[in-house]
Each structure stands twice: as structure tokens, then as C-alpha cells.
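Worksheet: one structure, shown below.
Readers should treat all values here as calculations from the given coordinates under stated rules, not as data from a laboratory. As the structure is a prediction and not an experimental result, all values here were calculated from the model. Every residue, glycine as well, gets a Cβ built from its backbone with ideal geometry; the counts of neighbours run over all protein chains shown.
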Amino acid sequence: MFLINLFLLFITTTAFSLPNDVKICRFDDHDCLLASANYVLKHFSNGNPDLALEPIDPLNIDAMTVDQNSGPVKILVKLNNFDILGFSGAEIYKLSGFENDLIDLHMKLPFATLAGPYNINGNILILPVNGVGKMRLHFKNFDIKMKLPVVKEIRDGNFFMKIEKPEMTFDITGGDVSFSHLGSFANGFLNSNFNRIISLIKPAISKSLVEKLTHRINSVFSTMSYNELFAA
């Protein structure tokens, strides 16, 4: 069993044997961990039924809410059953901290898209925005940084890991947004104020994504002991 697959969110059930060309690493061998993680990301982003690996591209998020009710922006946005696309092109560039029980996982996607149904009501500056339809949000250089605190539990004489109180932030260099049924003027106005729009939804995206990651990782941590996850 190879730990990095947990962070790529492919695993849905129990342990499995990975191909021989995926190297199993010591917990403190950062170069090995990074190389193996990127190998798995490149070769298994579409999933593999024989290995019980789910696709990571797209990554489905059940729901997200943005509720801003103060200042010049007063808006309620609800997204349900939406996808994040682009992880097949991601590169993990930092993976460390296992020895300190505080995992740092950084990855960058050259392009990412959030797509799904929306319900929006409110005002952005002077513009009323109300509607129901499909949203597409494009990011350039989607740079994700996660801190994953690990606690260890002892069960039957073995250590098991669990992530608690994870944190995530991200940065982008640009992008655009499109809401169907809002019309060209409203969408043009929103894109003219793209940075402000992102500042509003950034906390909600971070929260939804890190919760999804943590839930999936912990579902495997609960069944695999520390010694089963790392090379001796």
C-alpha cells in the first residue's frame, strides 16, 4: 500500500497492491515521496478499476455555499453536485512533514475548471444578480497548499493515523467566470470584477475541497496501520 494515493483521493475501500514501478517510500524520504506521488498522478488520474482507484479528474464536490451579507457585496450562491476538472495535469511540488505529524502537500494545476449548477441571489456593487443555471469558473495556475495535522491512535497494538483540523489555501494568476441565464452584461460585469469575485468564493472553495480530501483520506487511514503505509 502506498500512502501518496490517499492524497490523490483514488482509494475507496481497502488496501491493494500497486504495480512494481510505483516505489514505496520511507516516511522521511521526501524525494522518493514526491517522485512516486507524481508518477501515480500521471498514470492513474483517470482511475483504475483493477486497483480500486477512482478517477480524480473530475473531482466531484457535493455542495458549496457562499453567503456574503455585508459591505457593497450582498450575495448568496449555492452550488450543488459540481466538478473540479484539471487534476490530470497537476504536479505535486512539495510533500513533506510525515515525520512531524504535520503534512505539507502543495500541488499546481496549470488550468482548472469548476463546473456545475448554481443558484444565485443578491447584489454585487450596483448590479443585481439573480438566477438559476450552470456555472463555469476557469482558473489559471491553480496553486493548492494544504496543511494536514496528523494524530496517531493505538488500536490492537498498532498505530493508526487520522487527519484533524486540516487547512487549505490556494492562489491563481487569472481566470474567468460564466453564469448561464445571467446574460452578457452581467457576466461581463462579473469578469471585470473577477478578483473581487474570487476573494468572495475562495474560502468556500478551500473549505469544500479540503473537507472532501480529508474525508477520503481518513476513510483509508482508519483501516491501514502506520507500518502498512510506509516502507521500513
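Can you give me the relative contact order of the range 58-229 as a percent, contacts being Cα pairs under 8 Å and 6 or more apart?
Numbers: 362 pairs, mean separation 33.0, N = 172.
In percent, rounded to a whole number, it is 19.
Could you point to the label whose value was computed as Rg and Dmax of the Cα atoms in Å for the structure here, given [x] 19.5, 64; [y] 18.8, 62; [z] 22.7, 93?
The value computed from this structure is option [x].
Of Ser225, Ile197, Gly157, which is farthest along the charge dipole of the range 142-232 in the positive direction, counting Lys and Arg as +1 and Asp and Glu as -1 at C-beta?
Of the options given, the answer is Ile197.
Lys134: which aspartates and glutamates have alpha carbons under 16 Å from its alpha carbon, excluding same-chain residues fewer than 8 sequence positions away?
Asp62, Asp83, Asp176
Amide H neighbours of Lys94 under 5 Å, counting only residues 5+ apart in sequence or on other chains, H built in-plane at 1.01 Å?
The answer is His106.
Name the residues whose placed amide hydrogens come within less than 5 Å of the amide hydrogen of Phe111, ignoring near sequence neighbours (fewer than 5 apart) on the same chain.
Asn141, Phe142
Out of residues 5 or more away from Tyr118 or on other chains, whose amide H comes under 5 Å of its own, with H placed 1.01 Å from N in the peptide plane?
Gly133, Lys134, Met135
Output the relative contact order of the range 52-153, whole-number percent, from Cα pairs under 8 angstrom with separation of 6+ residues. Provide the component values of the computation, followed by the final result.
Working: 225 pairs, mean separation 26.3, N = 102.
Once normalised by length, the contact order is 26 percent.
Determine which residues of the range 116-159 fall in the zone a paramagnetic label at Asp176 would reach in this model, i.e. backbone nitrogen under 16 Å from the point 7 Å along Cα→Cβ.
Label zone hits: 135-141.
With +1 on the Cβ of every Lys and Arg and -1 on the Cβ of every Asp and Glu, and nothing else charged, how large is the dipole of the chain about its Cα centre, in debye rounded to the nearest 20? Write down the numbers at each step before the final one.
On the way: 21 positive and 23 negative charges, 165 e Å.
Taking the Cα centre of the chain as origin, the dipole is about 800 debye.
For the range 157-192 and the range 73-124, what is the centre-to-centre distance using only Cα atoms, to the nearest Å?
5
Per the helix-only calculation at 222 nm, which mean residue ellipticity applies to the chain, given -39500 (n - 2.57) for every DSSP H run of n ≥ 4 and division by its residues, nearest 500 deg cm²/dmol? All intermediate terms of the calculation are to be shown ahead of the outcome.
Numbers: 5 runs with 61 residues, N = 232.
Taken over the chain, the calculation gives -8000 deg cm²/dmol.
Taking the simple approach of a point 7 Å from Cα along Cα-to-Cβ for both Asn60 and Asn191, what is their distance in nm?
So the label points at Asn60 and Asn191 sit 3.0 nm apart.
So, R0 is 41 Å and r is the distance between the beta-carbons of Ile126 and His106; what FRET efficiency does that work out to, to 0.05?
Working: r = 39 Å, r/R0 = 0.94.
Between Ile126 and His106 the formula returns 0.60.
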